[in-house]
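The values are calculated or read from the model by the stated rules, or taken from the named source; none is laboratory data. Computed from a predicted model, the values in this text were never measured in an experiment. All Cβ positions, glycine included, derive from the backbone under ideal geometry; neighbour counts span all protein chains shown. Note: areas computed on protein heavy atoms with side chains; ligands, DNA, RNA excluded. Shrake-Rupley method; radii C 1.70, N 1.55, O 1.52, S 1.80 Å.
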Amino acid sequence: MAIRIEGKLLAAQVKERVAAGVKELKEKGIEPCLAVIMVGENPASQVYVKGKVKDCAECGIKSLEIHLPAETTQNELLQKLAELAGDAGVHGLLVQLPLPAHIDEKTVIEAIPPQKDVDGFTAVNVGRMMIGEECFLPCTPAGCMEMIRSTGVSISGKNAVVIGRSNIVGKPAAMLLLRENATVTICHSRTENLKQVCANADILVAAVGRAGFVTGDMIKPGAVVIDVGINRNAQGKLCGDVDYDAAAEKAGYITPVPGGVGLMTRAMLMQNTLQAAQKQALAK
Ligand code: L34
């Protein structure tokens, strides 16, 4: 039976460290501040943003929650971003995704100054990550790495399989695993023999977006299984991409949903915001 990787506990540990760093900055007269912009009424986004604001409060980080109506034009959003980008009191800046269809995500992301891009989504930060330079790591993949590290299982030389190739999870997760010397395979909707590939994974990261996609027969005995999915099943219950009960019978370690990667995503955002404030304080 697999050991459950407790996202709640790990996130609390990260946030405790962040809170200590925030306290130090405040003693120097700097109050770390995160601005979160949300456009429209996506119910899931509202839950996630609420969680981010709550985490900020726990860490002593000031948060600005900017909720714009669904009809906001791209130019209006860019204008708001420019204003926050130029505000020296705002250290971290993010736009919660997804955006309404009439707004181009790429254009919006590139309007965030890289030094405030605590999501690690801008081309500058993605590029820096690729070549191993200092940067803001994207929160969800960084959270996955923390969860893998918490098991004590060594990553170097292991077979790591990532299912999903999105810019915000699959691709960067693969890159971070590669950086730790895993042998990395990225699977996606066109992958042949997906089950066999996954069944060979010492570390399996599922970022598909489909409930129950990863079945028990896709798990190598003893594997570390990281479930990034957040779906609702037929009963309306929150669940990941992995059939938890079946996978837990074979895996060595497994993350739950809820209480897993989502909480670590938020904790890593707090860490990045602290870092942004520290760096901006030094740059002055
Ligand atoms: N710009 N957009 C931007 N940055 C991000 O890092 C995100 N993401 C993803 C969606 N869009 C984004 C998030 O914040 C996903 N995500 C996220 C954040 C928090 C949680 C899940 C996903 C979370 O708190 N999950 C809880 C349960 C929440 C619930 O009840 O629905 C958990 O225990 O998993």
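Would you please give the FRET efficiency between ALA88 and HIS67, computed as 1/(1 + (r/R0)^6) with r the Cβ-Cβ distance and R0 = 30 Å, to the nearest 0.05?
Plugging the Cβ-Cβ distance into 1/(1 + (r/R0)^6) gives 0.85.
Just how large is the dipole of the range 1-102 about the Cα centre, in debye to the nearest 20, putting +1 at every Lys and Arg Cβ and -1 at every Asp and Glu Cβ?
420 debye
All other residues with a Cβ under 13 Å from the Cβ of GLY222 taken together, and with Lys, Arg as +1 and Asp, Glu as -1, what is their net charge?
Net charge in that neighbourhood comes out at +1.
Determine the dipole magnitude for the chain: charges of +1 sit on the beta-carbon of Lys and Arg, -1 on that of Asp and Glu, nothing else is charged, the reference point is the Cα centre, and the result goes in debye to the nearest 20.
On the way: 30 positive and 30 negative charges, 89 e Å.
Charge dipole of the chain: 420 debye, to the nearest 20.
Express in Å², to the nearest 10, the accessible area of SER156 obtained by rolling a 1.4 Å probe over the protein heavy atoms while all chains stay in place.
Approximately 70 Å² for this residue.
Quick one: accessible area per residue over the range 150-284, 1.4 Å probe, rounded to a whole number of Å²?
For the range 150-284, the per-residue accessible area is 45 Å².
Given the chain, what percent of its DSSP beta bridges are antiparallel, to the nearest 5?
5 percent
Based on Cβ point charges of +1 for Lys and Arg and -1 for Asp and Glu, what charge dipole magnitude is obtained for the range 170-237 about its Cα centre, in debye rounded to the nearest 20?
260 debye
Just going by the charge dipole of the chain, with Lys and Arg at +1 and Asp and Glu at -1 on Cβ, which of GLY143, GLY157, GLY86 is farthest out on the positive end?
Ranked along the dipole, the leading option is GLY157.
Run the accessible area of the chain with a 1.4 Å probe and give the carbon-and-sulfur part as a rounded percent. Write down the numbers at each step before the final one.
Values: 7080 of 13350 Å².
That share works out to 53 percent.
Assuming 0.36 nm per residue, please report the length gained on full extension of the stretch ASN75 to SER154 beyond their Cα-Cα distance.
Working it through step by step, the gained length comes to 23.7 nm.
Give, as a single signed number, the net charge of other residues whose beta carbon lies under 13 Å from the beta carbon of VAL22, with Lys and Arg counted +1 and Asp and Glu -1.
0
Would you list the membrane-span-like helices of the chain, meaning whole DSSP H runs whose alpha-carbon atoms span at least 20 Å along their axis and whose mean Kyte-Doolittle value is at least -1.0? Don't skip to the end; give the middle numbers.
On the way: long enough: 7-27 (30 Å, -0.18); 43-59 (24 Å, -0.30); 261-283 (32 Å, 0.28).
Within the chain the helices that satisfy the rule are 7-27, 43-59, 261-283.
Beyond 26 Å, how much of the Cα-Cα pair distribution for the chain remains, as a whole percent? It would help to have the intermediate numbers written out before the result.
On the way: 17322 of 40186 pairs.
In whole percent, the long-distance tail amounts to 43.
In a Gaussian network model over the chain where Cα atoms closer than 10 Å are linked, find which of ILE226, ILE203, ILE37 has the largest mean-square fluctuation.
Highest fluctuation of the listed residues: ILE37.
In whole percent, what relative contact order does the chain give with Cα contacts below 8 Å and a gap of six or more residues?
On the way: 568 pairs, mean separation 66.1, N = 284.
Worked out over the chain, it gives 23 percent.
Which number gives the lysine pairs in the range 1-104 that have C-alpha atoms under 13 Å apart and are eight or more places apart or on different chains?
On the way: LYS15/LYS23; LYS15/LYS52; LYS15/LYS54; LYS23/LYS62; LYS26/LYS62; LYS52/LYS62; LYS54/LYS62.
The number of close lysine pairs in the range 1-104 is 7.
Relative contact order for the range 84-218 using alpha-carbon pairs under 8 Å, separation at least 6, rounded to a whole percent?
18 percent
Kindly report the accessible area of the range 16-67 per residue (heavy atoms of protein chains, probe 1.4 Å, no ligands, DNA or RNA), in Å².
In whole numbers, the range 16-67 has 52 Å² accessible per residue.
Determine the calculated [θ] at 222 nm for the chain from helices alone, applying -39500 (n - 2.57) to every DSSP H run no shorter than 4 residues and normalising by the residue count; nearest 500 deg cm²/dmol.
-13000 deg cm²/dmol
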